[in-house]
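**Student:** Handing you a structure now.
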Amino acid sequence: MIPKNVLLKRVSPLISQIAEAHRKPRWEPVAKSKIYRIPKRPEISEEERLELLRINNNYKTQMRAIRRFYHEEMMRELSSLKSASSEMSQKLEAEEWEKCVHLNEEWNKEVAAEREQRRKIELAAMEEYTLKRMEEKDKEMREKIEKASAEIRLQKELSATFITPDNLEAAIDAALANPIDYNFAIDLKGNHFYGRDTPIVNQDKKDNAINTNT
Amino acid sequence: MTTQVIKYVGRTTNFKGKTLWEIVGSLKNYGVGRIIVRSVFNRYPEPSFMKIVKVETCPDEERRRVRVWVEKTFRGRKSPQLTEIYRTSYKPDYNLIPKDEEYKFLEAVKSNESEVILPNTIEMPPLMKRFIVKDHEKKGLETIKEYVLPLSYNHSPNRVARIAKGDEKPTVKFTMGLGKPASPSLYEGIPLQ
């Protein structure tokens with residue numbers, strides 16, 4: 001036989017009901033031999049009944065009073081505990097807040113000092129930068145003006161050679177008198193050979209010629 | 001339906017009488033105006049009875065039951081509202097009062113004026129008295145001067161005795177001890193207190 005405790009402690013119930021020994025299962029109807037059995041009612045004398053009633057009523061009243069007393073006490077303690085804890089927590093919170101505010105102010109002061117210093121440096125740097133830029137700009141402008149004036153001077157000098165209606169005839173004459181041939185060839189050494197019909201002198205010969213010339 | 005010779009079968013019962021339909025169904029006009037009593041309420045010294053005001057029969061499926069509205073008087077106190085009897089109407093515990101005896105019940109109600117006032121406090125048990133002093137010392141609470149417990153009662157519309165309000169003087173007193181025995185013959189030869 002498997003012990004009852006082992007069966008009861010199982011995780012999944014394999015046997016749904018464990019009956020006591022020598023007892024019928026719950027789902028069985030009344031035994032045939034017990035169908036017409038009429039249990040005898042307890043006979044209590046009137047005196048005893050009254051006394052038991054009185055005693056039991058007394059007991060219930062007493063117990064109710066005691067239970068109520070302790071229940072009320074418990075509720076009181078609970079509520080006082082709750083209120084006390086809430087007061088404590090509020091006080092703690094206020095203290096924490098004070099501390100936080102102080103710390104924040106300190107930090108703010110530190111940061112402000114740092115900022116002042118940084119701002120000073122930044123301002124100085126900015127001024128320097130601006131001055132430098134202004135100087136650069138001035139320099140640039142001056143250079144531009146110089147360049148322009150030089151150009152003007154050059155053009156003024158060149159203007160002497162310009163062809164004007166006065167000397168147009170003379171220029172035409174001069175051009176006709178000195179025709180320029182732009183056709184030329186260049187060899188590898190960069191020598192220009194003007195004209196279409198210029199005979200090419202051999203390099204060696206030319207070199208020799210040059211050597212002899214010098 | 002109604003048999004004169006009663007033969008009891010099976011378990012015994014405290015009920016004594018007929019079902020309400022057995023009484024009401026055989027009366028003229030369904031017994032409106034007549035007085036019935038529940039025999040289990042005879043245990044009380046004060047009269048408890050019901051005067052039928054209105055009757056409604058029930059369908060065949062509920063042949064043991066009947067719906068009856070009554071003026072209820074319980075333990076000499078008449079309830080202000082009508083009471084409906086339906087769920088308990090099948091109980092074979094109702095008795096019809098003959099017309100010439102009705103005056104006894106009606107008179108008894110008028111004469112019932114005495115009032116019992118229940119206390120709202122009770123003295124602490126002796127061990128608790130000593131315990132509570134130590135307990136309060138330990139918890140740092142102020143010590144109790146009066147060793148009394150507040151009493152609480154179950155609320156019921158059928159309550160006969162009144163509960164004392166405030167400083168009213170109660171007519172009965174509850175104690176933590178054995179109290180005065182209801183039947184002293186049981187305690188013969190035993191020293192009480």
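The values are calculated or read from the model by the stated rules, or taken from the named source; none is laboratory data. It should be emphasised that the depicted structure is a prediction, and the values quoted were computed from it without experimental measurement. Heads up, the Cβs are rebuilt from the backbone with ideal geometry, glycines too, and the neighbour counts pull from every protein chain shown. These area figures cover heavy atoms from the full protein model, side chains too; ligands, DNA and RNA do not enter into them. Shrake-Rupley method; radii C 1.70, N 1.55, O 1.52, S 1.80 Å.
**Student:** Filter B:K145/B:K169; A:K40/B:K28; B:K54/B:K104 down to the pairs with a C-alpha to C-alpha distance above 29 Å, please.
**Tutor:** Beyond 29 Å between Cα atoms: A:K40/B:K28.
**Student:** Hey, if you put +1 on the Cβ of every Lys and Arg and -1 on every Asp and Glu Cβ in the protein assembly as shown, which of B:Y147, B:I122, A:L78 ends up farthest toward the positive end of that dipole?
**Tutor:** B:I122
**Student:** Using a Förster distance of 25 Å, how high is the FRET efficiency between B:K134 and A:M75, based on the Cβ-Cβ distance and rounded to 0.05?
**Tutor:** The pair B:K134/A:M75 has a calculated efficiency of 0.70.
**Student:** Ignoring ligands, DNA and RNA and using a 1.4 Å probe, state the total buried accessible area between B and A in Å², rounded to the nearest 100.
**Tutor:** Buried: approximately 2300 Å² between A and B.
**Student:** Okay, next question. Can you compute the equivalent ellipsoid semi-axes for segment B:89-193, i.e. the square root of 5 times each eigenvalue of the Cα gyration tensor, sorted largest first and rounded to whole Å?
**Tutor:** 42, 21, 15
**Student:** When only Cα pairs under 8 Å and 6 or more residues apart are kept, what is the percent relative contact order across chain B?
**Tutor:** Result for chain B is 19 percent.
**Student:** Angle between the Cα long axis of helix B:102-111 and the longest principal axis of chain B, 0 to 90 degrees, nearest 10?
**Tutor:** The answer is roughly 20 degrees.
**Student:** Continuing with this model, one more query. Whose amide H sits under 5 Å from the amide H of B:L149, counting only residues 5 or more places off or on another chain, with H placed in the peptide plane?
**Tutor:** B:I122, B:E123, B:M124
**Student:** Check which residues have an amide H placed less than 5 Å from B:G33's amide H, if you skip close sequence neighbours.
**Tutor:** HN-HN under 5 Å from B:G33: B:I52, B:V53.
**Student:** Which pairs in the list B:K72/B:K180; B:K72/B:K99; A:K32/B:K91; B:K134/B:K173; A:K82/B:K134 are over 22 Å apart, alpha-carbon to alpha-carbon?
**Tutor:** Check vs 22 Å cut-off fails for B:K72/B:K180; A:K32/B:K91; B:K134/B:K173; A:K82/B:K134.
**Student:** Within segment B:169-193, whose backbone N sits under 20 Å from a point 7 Å along Cα→Cβ of B:L127?
**Tutor:** B:175-179, B:193
**Student:** Hey, another quick one. What does the convex hull of the Cα atoms come to per residue for segment B:11-106, in Å³?
**Tutor:** 104 Å³
**Student:** How much accessible area per residue does the protein assembly as shown have, counting only protein heavy atoms and a probe of 1.4 Å, in square angstrom?
**Tutor:** On a per-residue basis, 85 Å².
**Student:** Explain nothing, just the number: dipole magnitude of the protein assembly as shown about its Cα centre with +1 on each Lys and Arg Cβ and -1 on each Asp and Glu Cβ, in debye rounded to the nearest 20.
**Tutor:** Magnitude of the dipole: close to 6220 debye.
**Student:** For A:K139, go through the lysines and keep the ones whose alpha-carbon is under 24 Å away, minus same-chain ones fewer than eight residues off.
**Tutor:** Correct list for A:K139: A:K147.
**Student:** Quick check: net charge around A:L52, other residues with Cβ under 13 Å of its Cβ, Lys/Arg +1 and Asp/Glu -1?
**Tutor:** Here the charged neighbours net out to -1.
**Student:** For B:V172, what accessible surface area do you get with a 1.4 Å probe? Give it in Å², rounded to 10.
**Tutor:** B:V172 exposes around 50 Å² with every protein chain in place.
**Student:** While we're on this one: Treating the angle as unsigned and between 0 and 90°, give the value, to the nearest 10°, between the Cα long axis of helix B:126-139 and the longest Cα principal axis of chain B.
**Tutor:** Result, in degrees: 60.
**Student:** At 7 Å along Cα-to-Cβ for each site, give me the label-to-label distance between B:R75 and A:R133 in nm.
**Tutor:** With each label placed 7 Å out from Cα toward Cβ, I get 10.4 nm.
**Student:** Can I ask one more? Quote the accessible area belonging to A:D166 in square angstrom, nearest 10, computed with a 1.4 Å probe and with ligands, DNA and RNA left uncounted.
**Tutor:** The accessible area comes out at roughly 150 Å².
**Student:** Given labels modelled 7 Å from the Cα in the Cβ direction, how far is it in nm from B:R162 to A:W27?
**Tutor:** With each label placed 7 Å out from Cα toward Cβ, I get 6.0 nm.
**Student:** Something else now. Quick one: what are the phi-derived ³J(HN,Hα) couplings along segment A:60-72, Karplus 6.51/-1.76/1.60 with θ = phi - 60°, whole Hz, x for glycine and proline?
**Tutor:** Result, ordered by residue: 4, 4, 4, 5, 4, 5, 5, 4, 5, 4, 6, 5, 4 Hz.
**Student:** To two decimal places, what compactness ratio does segment B:1-46 give when its Cα radius of gyration is scaled by 2.2 N^0.38 Å?
**Tutor:** Here the answer is 1.39, to two decimals.
**Student:** How large is the Rg to Rh ratio of segment A:23-157 when both quantities use alpha carbon positions and Rh follows Kirkwood?
**Tutor:** Ratio of gyration radius to Kirkwood radius: 1.84.
**Student:** Here's something else I'd like to know. Accessible surface of B:K129 in the full protein assembly, 1.4 angstrom probe, to the nearest 10 Å²?
**Tutor:** Estimated to the nearest 10 Å², B:K129 gives 50 Å².
**Student:** Under the Karplus relation 6.51 cos²θ - 1.76 cosθ + 1.60, θ = phi - 60°, what is the ordered set of whole-Hz ³J(HN,Hα) values for segment A:45-55, x standing for Gly and Pro?
**Tutor:** Calculated HN-Hα couplings, in order: 5, 4, 4, 5, 4, 4, 5, 4, 4, 4, 5 Hz.
**Student:** Using 20 Å bins from zero, what percent of all Cα-Cα pairs in the protein assembly as shown falls into each bin?
**Tutor:** Computed distribution, short to long bins: 12, 21, 21, 8, 6, 7, 8, 12, 6, 0.
**Student:** Could you name the aspartates and glutamates in cross-link range of A:K99, using Cα to Cα under 18 Å and dropping any fewer than eight places away on the same chain?
**Tutor:** The qualifying aspartates and glutamates are A:E110.
**Student:** Efficiency by 1/(1 + (r/R0)^6): what FRET value for A:F162 and A:F184, r their Cβ-Cβ distance, R0 = 35 Å, to the nearest 0.05?
**Tutor:** 0.80
**Student:** Which ³J(HN,Hα) values, rounded to whole Hz and listed in residue order, are derived for segment B:5-21 from phi using the Karplus coefficients 6.51, -1.76 and 1.60 in 6.51 cos²θ - 1.76 cosθ + 1.60 with θ = phi - 60°, glycine and proline given as x?
**Tutor:** Result, rounded to whole Hz: 8, 9, 10, 8, 10, x, 5, 7, 9, 8, 6, 8, x, 10, 6, 5, 5.
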